[in-house]
1. Does Asp37 qualify as being buried (at least 16 other Cβ atoms within 10 Å of the Cβ), within 27 Å of Asn244 (Cβ to Cβ), of a type in the set (Asp, Glu) and within 11 Å of the ligand (Cβ to nearest atom)?
2. For the stretch 1-54, which positions are polar (S, T, N, Q) and closer than 21 Å to Ala170 by Cβ?
3. Considering only the stretch 264-315, state which residues are surrounded by 15 or more Cβ atoms within 10 Å (Cβ to Cβ), assigned to a helix (DSSP H, G or I) and of a type in the set (Val, Ile, Thr).
4. Give the number of residues within the stretch 85-143 that are aliphatic (A, V, I, L, M) and within 30 Å of Val57 (Cβ to Cβ).
5. Based on what the data block shows, is Gly49 in contact (Cβ under 8 Å) with a residue 12 or more places away in the chain and surrounded by fewer than 19 Cβ atoms within 10 Å (Cβ to Cβ)?
6. Have a look at Leu219, Leu277, Leu272 and point out the one that is within 13 Å of the ligand (Cβ to nearest atom), aliphatic (A, V, I, L, M) and in contact with a helix residue (DSSP H, G or I) (Cβ under 8 Å, 6 or more places away or on another chain).
7. Could you give me the residue pairs with C-beta distances under 7 Å whose first residue belongs to the stretch 131-151 and is without any contact (Cβ under 8 Å) to a residue 60 or more places away in the chain and more than 18 Å from Met173 (Cβ to Cβ), whose second residue is among the aromatic types (Phe, Trp, Tyr) and more than 15 Å from the ligand (Cβ to nearest atom) wherever it lies, and which are 6+ apart or on separate chains?
8. Among the residues of the stretch 229-263, write down those that are part of a loop (DSSP other than H, G, I, E, B) and of a type in the set (S, T, N, Q).
Amino acid sequence: MTIPSIGLGTFGSDHVSNEAVAKSVIDALQSGYQMIDCASVYGNEKEIGAAIEKSGVERDKIWLTGKLWNDMHGKDDVRKSVLQTLSDLKTDYLDLYLVHWPFPNYHPPKCDVSSRSPNARPYIHEEFMVVWNEMEKLVDDGLVRNIGTSNMTMPKMERLLADCRIRPFANEMELHPYFQQQEFVSYLKNNGIIPIGFCPIGSPERPERDRTEEDVSELSDPILRGIAESRHVHPAEICLKWANQNGIIPIPQSANPKHLASNLNSVTHDPLTDQELSALSKIDKNCRLIKGQVFLWEGAKDWHALWDEDGRIAK
Ligand SMILES: NC(=O)c1ccc[n+]([C@@H]2O[C@H](COP(=O)([O-])OP(=O)(O)OC[C@H]3O[C@@H](n4cnc5c(N)ncnc54)[C@H](OP(=O)(O)O)[C@@H]3O)[C@@H](O)[C@H]2O)c1
């Protein structure tokens, strides 16, 4: 199966219940979605597995993505983790398995912004390659069809591409009109790596730990709203069209059947004009929402250290 052009997000942002997410999976699959973005840390893979079964949609018509959580970076943990996910999702393979973050620094579910994992450390390439080599073995053994990364930066990706045996198929990353990461997206595409965009509509209901006073939302951007109004659609749909037409696979989350339908429709109908795309390319505010404060290590200045903004891997 080739990767679909839109997927369903399943992170309940600490307030949408597992049952509501499971229901959204059934609604989505029955209304034509073919891709579900899962992660063990979302704590709902069992419910999603049951929902997939209940949907009646055949396994080979669904693209399932899973993610290795940060507390499972030990050499023996990678396989253990995917086996648990396969059992919870009631399947014997994943289409794509991602390393959720390039650090072993984890946070407990529903933590607040001050939470830090005790052994948090910066990116250590040799350690990451141990994880990646285990990921490669999962492909060899047919447990997953493709492997990829998430929350990487360009310098980290360069190191990985230099040393990997199996290249990442995709990188899942924050992407929306106010956070376009144009240089990194071009780099990925030039290297044949698919950008999957999370928080594609700016995650309006994200957890408290991922909110700061500087955050701004494209949903109230005058240019984006103007385009939405001229087409009589919600600004969320313009965000999804923007992603789709920029070669990004968006994975919006929704527990509302009407939104599920309009989101799917937005990437299959009425594309933006070149003029609209050009106008949207200029509204970027470099506004990262998922800053990752909870993954910081002792001695790190602030969340910018996670993102190698000066082109070097932070130590
Ligand atoms: N790899 C990573 O580290 C990472 C990080 C964050 C997220 N993710 C993945 O990306 C997915 C999406 O990100 P996200 O959930 O944070 O944010 P998002 O998809 O940008 O936003 C979800 C919110 O938008 C609302 N919404 C969806 N469609 C809408 C529409 N057509 N009109 C109005 N409101 C709409 C939803 O509410 P309703 O229920 O009312 O529709 C929900 O509150 C996650 O669920 C997860 O699978 C991955």
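The values are calculated or read from the model by the stated rules, or taken from the named source; none is laboratory data. Quick caveat: nothing in here was measured; it's all calculated off a predicted structure. Using ideal geometry, Cβ is built from the backbone for each residue, glycine included, and neighbour counts are taken over all protein chains shown.
1. Judged against the criteria, Asp37 is a match.
2. We begin by selecting, within the stretch 1-54, every residue polar (S, T, N, Q); these are 2, 5, 10, 13, 17-18, 24, 30-31, 34, 40, 44.
If the condition is that a residue be polar (S, T, N, Q) and closer than 21 Å to Ala170 by Cβ, then Thr2, Ser5, Thr10, Gln34, Ser40 are the ones that fit.
3. Passing the criteria: Val267, Val294.
4. Filtering the stretch 85-143 down to residues aliphatic (A, V, I, L, M) leaves 86, 89, 94, 96, 98-99, 113, 120, 124, 129-131, 135, 138-139, 143.
The next check asks that each one be within 30 Å of Val57 (Cβ to Cβ); those that pass are 86, 89, 94, 96, 98-99, 135, 138-139, 143.
So the answer is 10.
5. Numbers: in contact (Cβ under 8 Å) with a residue 12 or more places away in the chain: yes; surrounded by fewer than 19 Cβ atoms within 10 Å (Cβ to Cβ): no.
No: the conditions fail for Gly49.
6. Values: Leu277 fails: within 13 Å of the ligand (Cβ to nearest atom); Leu272 fails: within 13 Å of the ligand (Cβ to nearest atom).
Matching residue, one of Leu219, Leu277, Leu272: Leu219.
7. Gly142/Tyr93; Arg145/Tyr93
8. First, the residues of the stretch 229-263 that are part of a loop (DSSP other than H, G, I, E, B): 232-234, 246-248, 251-256.
Matches in the stretch 229-263: Asn246, Gln253, Ser254, Asn256.
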